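Below: the structure, in structure tokens.
The values are calculated or read from the model by the stated rules, or taken from the named source; none is laboratory data. From a predicted model like this one, the values you see are computed outputs, not experimental measurements. Virtual Cβ from ideal backbone geometry, glycine too; neighbours counted across all protein chains shown.
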There are 4 protein chains.
Amino acid sequence: MTMTEHEHPNQPPYGYTDDKAAYLRRLGRIEGQIRGISRMVDDDKYCIDILTQISAVRSALQSVSVGLLEEHIGHCVVDAAKASDEAGNDKVTEASAAIARLVKS
Amino acid sequence: MTMTEHEHPNQPPYGYTDDKAAYLRRLGRIEGQIRGISRMVDDDKYCIDILTQISAVRSALQSVSVGLLEEHIGHCVVDAAKASDEAGNDKVTEASAAIARLVKS
Amino acid sequence: MTMTEHEHPNQPPYGYTDDKAAYLRRLGRIEGQIRGISRMVDDDKYCIDILTQISAVRSALQSVSVGLLEEHIGHCVVDAAKASDEAGNDKVTEASAAIARLVKS
Amino acid sequence: MTMTEHEHPNQPPYGYTDDKAAYLRRLGRIEGQIRGISRMVDDDKYCIDILTQISAVRSALQSVSVGLLEEHIGHCVVDAAKASDEAGNDKVTEASAAIARLVKS
């Protein structure tokens, strides 16, 4: 078994896989919002209105992150903890680091 | 058994209890930092220097939160998931809501 | 003169207009990053690696926001304040509301 | 004239000075909230309830920051910009760096 960037006891599919279509739709909408912001800049729209749109995209991304985290904790972390305490601890530490990065971003 | 604000399968002590003394020291330091900020306002210190201190306190609080979350996931959530899928799912949903509140705060 | 969503004493071009090409490049890069995240979801990549990418995009958007705010304050707000105290106060209130939305997003 | 940590064209009192009593009350309340969180930890309260309180304190601090920034922009930044373009630009750059630190905190 070759190991990818993160060693994980489970292989794909991961927790979010069942909702893959929904995540792809949300990300597609976010991509469209970014294109809309580019158009606003190109059309010399008012700075504050552009900032409002950027805040909306940031919130949408944060909501995707919280959804992914929820499924990650409910599947990868819990499954690892059931397999062994050590594997569980590793997953908890890794998830906490991801939460810290999210809060700071 | 009477139920408190949140129903949880486990009773205290919780995951953070082992580190209680360390958490109390960190919170005591944060309380001192707030008092320092009050003194800066009282002494008419420069606004930007006050803002820098507030950002430092916010980061310190976020770091306490991530620590508590890590122990919460590693203990309460994992233990609930081992007890039953339903209890585990409830804890995961509750933890995700806390993460969402933290990111927005 | 018809009024747009926000009434502002100055008309375009705004402060960011000089850097329009740079902003469009940054937004184009962010759009590409979102597409990359969609591909990661589609390819069943590991949740934590996806979260890392989302945090990176959120930081990039925040950096665009701070840049726009800097130019907005340096141009629109300052120019309004030079025109009249009342116009200046309106712009400062509006900019503060945008900062509050950004911090919460 | 001796220069303090940040060189600024205006001397105290700064923009927030008029509201000093209100800021001190808000900071006093935040200090009390931190003490309440310490008591929760000491009494082994449920982790999620502690996290909710920490998020509330972080929001309260953010609200103080946005208030200080609003007055800083409306007074120090605008006054500097009226004095000279160079002084104004310096203040705008400094305020933007403070906003960036706040968003990341």
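Looking only at residues of segment D:89-105 that are surrounded by fewer than 23 Cβ atoms within 10 Å (Cβ to Cβ) and not aliphatic (A, V, I, L, M), we find that the one that is farthest from the other protein chains (Cβ to nearest Cβ) is D:ASP90.
Residues checked against (1) out of contact with any Asp or Glu (no Cβ under 7 Å at 6 or more places or on another chain); (2) over 14 Å from B:GLN62 (Cα atoms):
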position: D:ASP49; (1), (2): no, yes
position: D:THR52; (1), (2): yes, no
position: D:VAL57; (1), (2): yes, no
position: D:SER63; (1), (2): yes, yes
position: D:GLU70; (1), (2): yes, yes
position: D:GLY74; (1), (2): yes, yes
position: D:ASP90; (1), (2): yes, yes
position: D:ALA100; (1), (2): yes, yes
position: D:VAL103; (1), (2): yes, no
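Go through the residues of segment B:81-100 one by one and say whether even a single one is under 22 Å from D:VAL64 (Cβ atoms), assigned to a helix (DSSP H, G or I) and small (Gly, Ala, Ser). For segment B:81-100, residues under 22 Å from D:VAL64 (Cβ atoms), assigned to a helix (DSSP H, G or I) and small (Gly, Ala, Ser): absent.
Among all positions in segment A:59-79, there is at least one residue which is away from chain B (no Cβ under 12 Å), in contact with a helix residue (DSSP H, G or I) (Cβ under 6 Å, 6 or more places away or on another chain) and within 30 Å of C:GLU71 (Cα to Cα).
A single entry from D:LYS91, D:LYS104 fulfils the requirement of being at pLDDT below 95 and among the charged types (D, E, K, R): D:LYS104.
Residues checked against (1) away from chain B (no Cβ under 14 Å); (2) hydroxyl-bearing (Ser, Thr, Tyr); (3) surrounded by 22 or more Cβ atoms within 10 Å (Cβ to Cβ):
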position	(1), (2), (3)
A:GLY32	yes, no, no
A:GLY36	yes, no, no
A:ASP43	yes, no, no
A:THR52	yes, yes, no
A:VAL57	yes, no, yes
A:ASP85	no, no, no
